[in-house]
Amino acid sequence: MAAPVPPGAPRQQPPPNYIPNYQQNQPNSLSDDMQNLNLNRPFSMPNSVPRPSPFGQPPSFPSSGPSAPLSRPGPSPPGVVPRPLVPPSGSPPPALPPNMAPGRPTGPPFSQPAPFGSRPFPGSVPSSIGSGQALGPSSVATPQGLVAPPPPPSARPSLTASSSSPLTVPPSSLPGALISNGPPAPTFQGGPRFPPFGSAPQQPPMGPPPTMGVARAPPQVPGMRPLMGGFGVSAQQGPSFLASSQVMPPSSMLPQGMSAPTGVPFAPPMQAQPVVPPPPIPGSGQSPRMFGMPPPLPNQMTSISPVIGQTGSPMAGTSKIDPNQIPRPIPSSSVTLHDTRQGNQATPPPPATSDYIARDTGNCSPRYMRCTINQIPCTIDLLTTSAMPLALLVQPLALPHPSEEPIQVVDFGESGPVRCSRCKGYINPLMKFIDQGRRFICNFCGFADETPRDYHCNLGPDGRRRDADERPELCRGTVEFVATKEYMVRDPMPAVYFFLIDVSMNAIQTGATAAACSSINQVISDLPEGPRTMVGIATFDSTIHFYNLKRAFQQPLMLIVPDVKDVYTPLQTDVIVPLLECRQHVELLLESIPTMFQNSRTAESAFGAAIKAAFIAMKSTGGKLLVFQSVLPSVGIGALSAREAEGRSNASAGEKEAHKLLQPADKTLKEMAIEFAEYQVCVDVFITTQSYVDIASISVIPRTTGGQVYYYYPFSALSDPAKLYNDLRWNVTRPQGFEAVMRVRCSQGIQVQEYYGNFCKRIPTDVDLPGIDSDKTIMVALKHDDKLQDGSECAFQCALLYTTLYGQRRIRVSTLSLPCTNNLSNLFRMADLDTQFVCFLKQAANEVPSTPPLHVREQVTNFCTNILLSYRKFCATVSSSGQLILPEALKLLPLYTIALIKSTGLRTDGRIDDRSFWINYASSVSAPLAIPLVYPRMIGIHDLDLQEGDGSLIPQTLPLASEYVSDDGIYLLENGQDCLIYVGSSVDSNLMHQLFGSSLLDEIPAQFVLQQFNNPLSKKLNDIVNEIRRQRCSYLRLKLCKKGDPSGMFFLSYLVEDKVPTGGLSYVEFLVHIHRQIQMKMSS
C-alpha cells in the first residue's frame, strides 16, 4: 500500500463530536447549508468582497440550528459576518449552539449576477423528485417535526376519472420522430433565493435519543384497489381497436411474439427452477401514490377493460380508452412522517420520489437502504413465480431531511464495535440478548456469542437490555462507529485535490480552459480547511505540464513532460502541496493559464498520459483527481479514434453493431483505472466539448474509481461556465469520504449475488470505493441459498468503512430487517415500485453496451409482462379476460416501462456520446433522480398567474402527451439533468415579452440566459426554476425549444406517452400490447 501522510501535513484532530461527512457550522467556516448556489460568476475571481457560502455544505453535526433566510444580492443585513479570504488554520471550529442562526453572507458580491435557487439544506433530499409537485416552503415540516397525518382513504386523491365518463383515444402520432440532442441548453440567469428548510433541534451524538413529540396515525397496509373501473364502451363513433396484427405492427421497439425469458434477463441465473414465470429484471413495485400519498387499502387492484375478446381480438363495435383514466403519477406537496418500525415490525417505506421525514426506530431510513419487496419470499420458487426481482438499493451517505435526527457516533474505544465472532455482523437493534444479557444471538448467522464483560447489562421484563434506548447501536438502524487501528492498513489519507486541465487549441478557443480555471479558482476556498488539505495542478495538450507550487519561488514554475508514451512525474515533492502553503501561487497560476496558452496551435490531447502522470504524483497519498477534458484523446497512452464516424460510415451494420460503440475501445484505460483504485485515487471527469470524445472509453476510469462523469455538450462559453462552477463546487463540498470499502451481509438463506455501481471489486464480498459521496447509489442483487421460515425476519446490513475529510476512520452501519412470507399476494402488496424499477433500469443500462438494443427493449417489455402475468394468474380476483389487471403497488409499471424503452440509452437515433453518458449516469443514480430520468416532469408556465397554488412552488404537472401541449402555450420539462422550455407557434407576444424580454420568438437566441424581469410572471418562472434546481441537487442546463425546428422535435421526443412515427407505441397502445401478451400466455 501507499506510504503514510508526508511530512508537513500533520494529522488534524477533529472535535470530539465531529460527524464524518459534515463540516462544522460557524461564521468563518464553510457553508452551513445548501442555499447559496451561485451562478455565472465572472472568470476573474475578485477577492475583495465576501464570498457567498457554497451550496452543498452539510450542517454542523451533531447539532445545528435553522439557517437565516437568504436574499438577492444587496447590502448584507446587520450581524452578517463576511468570510475571511484565507481559511483559518487549526482544527475545525466547534458548532454553534442549537437554534443560533449562523452569520453568513446572504448574497454574492455586487460584481456577480444574481444567484439561483439553492441546493437542498445539507441533509435534505429533493422534496419532489419524479413527475410531481414540489414541497413548498409553506408546507415544509416545522422544526419540531409536526406533520399532518396522511389523509383518510375517503380523502385520497383518485388516480382516474369515473369509469362512466366518456372514453376517448389519445393522439396516435407525434409531429416528428425521435432525434438526437440539439444545440446547447442555455443556463438560467438567477432568481431570488429561498429560505432553507427548517432544521429540527438535534441532540448530541451520545446518550439517550430524543423523542419526537409527533402523533402519527398508524400506517395502512399497502394493497390493491380498483381506482380504475373497467373501461366501458363509448357510443361515440371513433377508431376501434385494431386486429391483432394491426394493434402491434412489427417495429424495432416491440416485436411480436415475445416469449418469457428463462432466467433473470440481466443477471446470472440463480438456480434451475421449475417452469414458472421467469425471475424478472428489476421493475417497480410501489403504489403510484407519490409525494406523501397514503398507502392503499388491502386487496385492491386496478383493472383496465379495452374490450378485447378472449382470444385477444377486438370485439365487434367501437371502443375507446380515455387517456385521463389510465394510471399516472399523482403529485402531492404534503410531507409524511415515517417510522421505520412500529410494534416491533418493519413498516413499508414511502415512495422514493416522495417527501418524507424518516424516524429511525430500529430499521435504517429508506434513504440509506431500500428493498424491492418489503416482505421477503421464503423460497426461490415463490420469488420466481412472482417474476419480481429481489435486490437492495444502498446509498450509504445519502442526505437526510433537515428535520431528521443526525446519525449518532459511537466510540467503543480500543476494543472496537461489538461484532458477531462468526459472520462479523455488527451489533444492531435486531440482535437478541439472552441469559440475563451475558450472550447475544446474531440476527444474520444465528450464532450465540458471549457479551463482552464491559458491555454487559441486565435485561428488563420485556427481554430487552435496560440500556437499549440509551445506546444508539441498540435502538437505531443506522449508526457510525469510530474505527480502531485494526481497520487501518495505513494512516488515514489527507484530503488531496489534483486538478488536471486541458489546454489544447480547441479547449482554449471554446472558452473551456478559462471556464475550468475560473471554477477551480472560486472553489479553492471551499475545500476543507486545515493543514491536511493538499492541492496540485497540471495542464496538458500533446505534452504534460506540471507546476512547482512551493512557496520559496515567487511564482509557480512549469515543468514539462514531453514523453507521453512512458510518463513520469518530474518532481517527487512540491507538485502536491498543502493549500495553506501555496494558496497565492495557486490563484496566480489559475489566472495565468488561459493567457499562457492563448496562442497554442496544438490540437492533440494526451488525456491518458496526463492522468497517468497525475496518478504517479498522487500515488503515495491517494485523493481526488478532477480532470477537465475537451477533445478526443489522440496521442500517448490510451489514445482513441473517432469511432462514431466509423460507425456512421458502416451503416449496413445497423442495430446489430450499434451497441459495440458503447463499449470501451480497448483495455488500456480499464487497466489504469484498476491501478488507480488500488492506490485510492478517485477520478472525476468534466467533459466540456463540442464534438465526439468517446465517453464510452473515458468513463471507464470514473466508474471504476467511484467517480463521476459531467457532460457539457455542446459546450457554450455563454451559459455553461455557471453550471461547470456549481457542479465542481458541489463535487468537493457534498458529504463524502475517501478510501472506502463496503460490504452487505444478509441473514441465512439469502446471499449477495452481484453489485452494480461505480466501484472496483477485487474480492467477491467487498466493493472498493476510492471515493464515496452522498449522490452515489449501489445496487445489490440478492438470491436465495436456503429456505426462510414464514413469520421470521430477514436482515440486511450495509457496512461502509471510510475516511472522513478530516482524517477520521469511521464505519457507517445501516441495518434493515424485513418479515418473511409464503404468501404471493403479500409480495405484490409489499412491492416497492420505485426500487424495483430503478434496479431494473441499472441492470438494463449495464446490459446495453453488450446487447443489441432490440433485445434489451424486448427484455424490458417481458419484464413488465411477466410480473403482471403472475399477478393476473395467481392473485387477481377478477375473472374477466377482457380486463388488464394491475396490482395497486405496480400500476405505474407499464408507464415507466414504455418510458424506459423510449429513453436515450435504449434508442439508436441519438449520438453515441449521449447514450454513453446516459448509461454512466444511470449506473450510480439514486432512486429519487432515476424516475425523472425516464419519466420527466412537465408543467405549463404560460398560465402561472391563473393556476391555484397548493402551497408548493411547482405548479400541477402535466402528462407527457402532445395533447396537453398547445400552440399558444409555453411549457417547462425537466429530467434532473436538463430543463427544456418549449414555446408554441402562437404564443401571445405580450407573454413572450414578460418572460423573455422580447416579443418575437426569433429574437431570442438559442443559447439564451433566463433573466428576471420586473413582472410577476417572470418572478414566478424564476422561482420555479430555482426550486427545481434545489430539489434535484443539480444546476440544470436550460434549453429553449421552438415549435417547427429541431429543438422543438427534441422536446417532443420526451413526450413518452405519444406514439413515435418510427415505430414506438403510445402508452395506451402499450397497455393493449401488454394485455394481449398476458392473454396469449394465459391461454398457452
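The values are calculated or read from the model by the stated rules, or taken from the named source; none is laboratory data. Remember, predicted model here, so these are calculated numbers, not experimental data. We place every Cβ from the backbone using ideal geometry, glycine too, and count neighbours over all the protein chains shown. Ligands, DNA and RNA are stripped out before the accessible areas are found, and what is left, the full protein with its side chains, is counted by its heavy atoms. Shrake-Rupley method; radii C 1.70, N 1.55, O 1.52, S 1.80 Å.
Where residues in the stretch 850-861 are more than 20 Å from Pro327 (Cβ to Cβ) and either among the hydrophobic types (A, V, I, L, M, F, W, C) or crowded, with 23+ Cβ neighbours inside 10 Å (or both), which of them is modelled with the lowest pLDDT?
Top of the filtered list is Leu854.
Looking only at residues in the stretch 621-643 that are part of a loop (DSSP other than H, G, I, E, B) and open to solvent by less than 30 Å² (accessible area, probe 1.4 Å), which one is nearest to Asn731 (Cα to Cα)?
Gly622
In the stretch 960-1067, which helices (runs of 4 or more DSSP H) lie fully inside it and hold 2 or more residues that are free of Cβ contacts under 8 Å to residues at least 40 places away in the same chain?
In the stretch 960-1067, 989-996 are the helices (runs of 4 or more DSSP H) which contain 2 or more residues that are free of Cβ contacts under 8 Å to residues at least 40 places away in the same chain.
So if I check each of Val567, Val535, Val503, Val496, which one is β-branched (Val, Ile, Thr), modelled with pLDDT under 95 and farther than 30 Å from Glu405 by Cα?
Residue meeting the stated conditions: Val567.
Step by step: first the residues of the stretch 579-620, then only those that are in contact with a Lys or Arg (Cβ under 9 Å, 6 or more places away or on another chain) and modelled with pLDDT under 95, then the one that is surrounded by the most Cβ atoms within 10 Å (Cβ to Cβ). Which residue is that?
Once the filter is applied, the top-ranked residue is Cys582.
For Ala514, indicate whether it is open to solvent by less than 10 Å² (accessible area, probe 1.4 Å), assigned to a helix (DSSP H, G or I), under 19 Å from Ser719 (Cβ atoms) and assigned by the TED database to the domain that holds Val693.
For Ala514, the condition - open to solvent by less than 10 Å² (accessible area, probe 1.4 Å), assigned to a helix (DSSP H, G or I), under 19 Å from Ser719 (Cβ atoms) and assigned by the TED database to the domain that holds Val693 - is not met.
In the stretch 485-497, what residues are open to solvent by less than 30 Å² (accessible area, probe 1.4 Å) and over 21 Å from Asp773 (Cβ atoms)?
The answer is Arg490, and nothing else.
Consider Ser879 carefully, then state whether it is among the small types (Gly, Ala, Ser), open to solvent by 10 Å² or more (accessible area, probe 1.4 Å) and at pLDDT below 95.
Taking the combined requirement at face value, the residue satisfies it.
Being out of contact with any Lys or Arg (no Cβ under 7 Å at 6 or more places or on another chain) and either within 16 Å of Phe607 (Cβ to Cβ) or of a type in the set (D, E, K, R) (or both) is the filter here; which residues of the stretch 509-531 pass it?
Within the stretch 509-531, Ala512, Thr513, Ala516, Glu529 qualify.
Go through (1) open to solvent by less than 10 Å² (accessible area, probe 1.4 Å); (2) within 30 Å of Val934 (Cβ to Cβ) and name the single condition Gly362 misses.
Here Gly362 meets the rest and fails (2).
Inspect all residues belonging to the stretch 888-901 and state whether any of them is touching a Lys or Arg at 6+ places or on another chain (Cβ under 8 Å) and either among the basic types (Lys, Arg) or open to solvent by 10 Å² or more (accessible area, probe 1.4 Å) (or both).
Looking only at the stretch 888-901, we keep the residues that are touching a Lys or Arg at 6+ places or on another chain (Cβ under 8 Å), and these are 888-889, 892, 895, 901.
So of that shortlist, the ones also either among the basic types (Lys, Arg) or open to solvent by 10 Å² or more (accessible area, probe 1.4 Å) (or both) come out as none.
No, the conditions are met nowhere in the stretch 888-901.
Filter the stretch 447-484 for residues that are farther than 25 Å from Asp339 by Cα, open to solvent by 50 Å² or more (accessible area, probe 1.4 Å) and touching a residue at least 40 places away in the same chain (Cβ under 8 Å) and give the result.
none
Do we have Tyr935 as among the aromatic types (Phe, Trp, Tyr), open to solvent by less than 10 Å² (accessible area, probe 1.4 Å) and within 19 Å of the chain's Cα centre (by Cα) here?
So Tyr935 passes the test.
For the stretch 1009-1035, what are the residues that are surrounded by fewer than 22 Cβ atoms within 10 Å (Cβ to Cβ) and not polar (S, T, N, Q)?
Passing the criteria: Val1009, Phe1013, Pro1016, Leu1017, Lys1019, Lys1020, Asp1023.
List pairs: first in the stretch 831-849 and farther than 20 Å from Arg367 by Cβ and open to solvent by 10 Å² or more (accessible area, probe 1.4 Å), second modelled with pLDDT under 95 and polar (S, T, N, Q), Cβ under 7 Å, 6+ apart or cross-chain?
Once the first residue is farther than 20 Å from Arg367 by Cβ and open to solvent by 10 Å² or more (accessible area, probe 1.4 Å) and sits in the stretch 831-849, its partners that are modelled with pLDDT under 95 and polar (S, T, N, Q) give Pro849/Gln663.
What are the residue pairs meeting all of these: first residue in the stretch 940-955, first residue assigned by the TED database to the domain that holds Val987 and open to solvent by 20 Å² or more (accessible area, probe 1.4 Å), second residue at pLDDT below 85 and β-branched (Val, Ile, Thr), Cβ atoms under 8 Å, and 6 or more apart or on different chains?
Taking only residues 6 or more apart or on different chains, not a single pair turns up.
Yes or no: Ile544 open to solvent by less than 10 Å² (accessible area, probe 1.4 Å) and within 27 Å of Thr668 (Cβ to Cβ)?
yes
Being among the small types (Gly, Ala, Ser), modelled with pLDDT under 95 and out of contact with any Gly (no Cβ under 8 Å at 6 or more places or on another chain) is the requirement here; does Ser870 meet it? Lay out the reasoning, then the answer.
Numbers: among the small types (Gly, Ala, Ser): yes; modelled with pLDDT under 95: no; out of contact with any Gly (no Cβ under 8 Å at 6 or more places or on another chain): yes.
Answer is no for this residue.
Tell me which residues, restricted to the stretch 670-692, are crowded, with 24+ Cβ neighbours inside 10 Å and more than 24 Å from the chain's Cα centre (by Cα).
Residue satisfying the conditions is Phe676 alone.
Taking the conditions exactly as written (hydroxyl-bearing (Ser, Thr, Tyr), closer than 30 Å to Glu450 by Cα and at pLDDT below 95), does Ser421 satisfy them or not?
no
Find the residue count for the stretch 564-597, including only residues that are in a loop (DSSP other than H, G, I, E, B) and free of Cβ contacts under 8 Å to residues at least 24 places away in the same chain.
2
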